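A short worksheet on the structure shown next.
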Amino acid sequence: MADKNLSESLSGNSAGILPFVIDAGPGRKAAIRGRLAKMDHVVNTILGRHNYPQVMGKLAAESVVLASCLASTMSYDGIFTLQAKGDGAIKTLLADVTTDGAVRAYMGYDEHQDIDADDGGMGAPAPMMQLMGTGHLAFTVDQGKKGRYQGIVPIEAQSITDVALRYFRDSEQIDTALMLAADYHDGSWRATGLLLQRIPETGGNHDDVLPMSDTEEDIWHTACTLMSTLERTEMLDHTIPVETLVHRLFHELSARPLPWRPLRDQCRCSSTRAEQIIASLTDEEKIDLADENNKLVMSCEFCKSEWVWDAVPNA
Ligand SMILES: [Zn+2]
């Protein structure tokens, strides 16, 4: 157990992911990849900027954790985006994470629509379908010039965990187990996620996923059974270091922790980009968009940064 990891994950100000692997046997390559995300600090800062009703905040928190877990499985540099659209009280849900650990999130909702949804209590999953209605959840991997990949799944399960699991089962055909827990407790948010994925062994044709050997099949089922013993209260207990949690759950499978990956609350908007947008407008457009005080106001939905210009300088 690395002391640095232990102290980082114990200090309340750190958030991040502990990746780990479970091998298929001595000297054999890894059969399962695991991610334990402890996101209390990041989620607390992000949600602190917005005034979402608690049950909605819980869904946003779960989304941030899920996006962070999935982003950490990308093998190239890029941006991972989780986006959901619906026709319920929440219209848009967005969380994106860069490979170097910058996380941001935002939710667009109708303040006037009644929310007839209960948050289910400590750590219980947020009722995604109730909050978002009919819609879809999309995962996008953007690797810049190297390309962009998107997968979409309809919101046809109660929780974001179940919607995501359907996606992995039906579209990616990757055995996946996922647990998300978030809660607002004593004035702050806590959010934890655990993801297990069978590492696909590809055949000669790289689209062919080979069937698992009996040993791998056994290991996968054992790992899932062990994971199902995890309590949500245990996930949200910030006095339990992440390594201890992984060790407690998977020591009989000799899970190997990898270096801790810190995550931080950081938006990708910039005043330079805002300036460029304003600079591209004609004087007429600026006057049209200006408020009654002749000011042009631009703000970032994610981090609430605001920029203000005179629509007509020296007017
Ligand atoms: Zn921003």
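So if I place +1 on the C-beta of Lys and Arg and -1 on the C-beta of Asp and Glu, and nothing else carries charge, what would the dipole magnitude of the chain be about its Cα centre? I want it in debye, nearest 20. Working shown, then result.
Values: 28 positive and 46 negative charges, 192 e Å.
The dipole of the chain has a size of about 920 debye.
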With a 1.4 angstrom probe the carbon and sulfur portion of accessible area for the stretch 271-310, in percent, totals 45 percent
In Å and whole numbers, how far do the C-alpha atoms of the stretch 220-274 stretch along each principal axis, longest first?
52, 23, 19
How many nm is it between the label spots at His247 and Ser75, if each spot is 7 Å from the Cα in line with the beta carbon?
3.1 nm
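Efficiency by 1/(1 + (r/R0)^6): what FRET value for Asp114 and His136, r their Cβ-Cβ distance, R0 = 25 Å, to the nearest 0.05?
Approximately 0.60, to the nearest 0.05.
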Using helices alone, what [θ] at 222 nm do you get for the chain, with -39,500 (n - 2.57) per DSSP H run of 4 or more residues, divided over all residues and rounded to the nearest 500?
-8000 deg cm²/dmol
Most mobile of Ile115, Ile79, Ile287 per a Gaussian network model of the chain (Cα springs, under 10 Å)?
Ile287
If you take every residue apart from Ala164 with its C-beta less than 15 Å away from the C-beta of Ala164, what net charge results, scoring Lys and Arg +1 and Asp and Glu -1?
-3
One-quarter of the Cα convex hull surface for the stretch 151-308, in nm²?
16.3 nm²
For the chain, divide the Cα radius of gyration by the Kirkwood radius and give the resulting Rg/Rh value with two decimals.
1.02
Using a 7 Å offset from the Cα along the Cα-to-Cβ direction at both Ala279 and Glu217, what is the distance between the two label points in nm, to one decimal?
6.2 nm
Anisotropy class of the stretch 271-310 from Cα gyration tensor, a/c 1.5 cut:
oblate
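Counting DSSP beta bridges with both partners in the stretch 3-265, what percentage is antiparallel, nearest 5? Don't skip to the answer; put the middle values down first.
Numbers: 60 of 62 bridges.
The antiparallel proportion sits near 95 percent.
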Square roots of five times the Cα gyration tensor eigenvalues for the stretch 1-150, Å:
30, 19, 15
Name the residue, out of Tyr109, Tyr167, Tyr149, whose mean-square fluctuation peaks in a Gaussian network model built on the chain with Cα pairs under 10 Å.
Tyr149
Could you report the chain's accessible area per residue, 1.4 Å probe, as an integer in Å²?
50 Å²
So, with a 1.4 angstrom probe, what is the percent of accessible area on the stretch 3-265 that is carbon and sulfur?
48 percent
Over the stretch 266-315, what relative contact order in percent results from Cα pairs under 8 Å that are six or more residues apart?
33 percent
Can you tally the net charge around Tyr106? Count Lys and Arg as +1, Asp and Glu as -1, for every other residue whose Cβ sits under 11 Å from the Cβ of Tyr106.
+1
Which of rounded, prolate or oblate describes the stretch 17-62 when judged by the alpha-carbon gyration tensor and an a/c cut-off of 1.5?
prolate
Cut-off 12 Å, label 7 Å out along Cα→Cβ of His238, residues of the stretch 33-66 by amide N
39-45
GNM flexibility winner over the chain from Ile199, Ile278, Ile240 (Cα, springs under 10 Å):
Ile278
Say each of Ser305 and Ser254 gets a label point 7 Å from the Cα, pointing the same way as Cα to Cβ; how far apart are those two points in nm?
4.8 nm
Here the relative contact order (percent) of the chain, from C-alpha pairs under 8 Å and at least 6 apart, is 22 percent
Where the centre of each part is set by its Cα atoms, how far does the stretch 10-85 sit from the stretch 241-267, in angstrom?
11 Å
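The values are calculated or read from the model by the stated rules, or taken from the named source; none is laboratory data. The structure displayed is predicted, hence computed values, not measured ones. Note that we place each Cβ from the backbone using ideal geometry, even for glycine, and neighbour counts take in every protein chain shown. The area values use the complete protein model at the heavy-atom level, side chains included, leaving out ligands, DNA and RNA. Shrake-Rupley method; radii C 1.70, N 1.55, O 1.52, S 1.80 Å.
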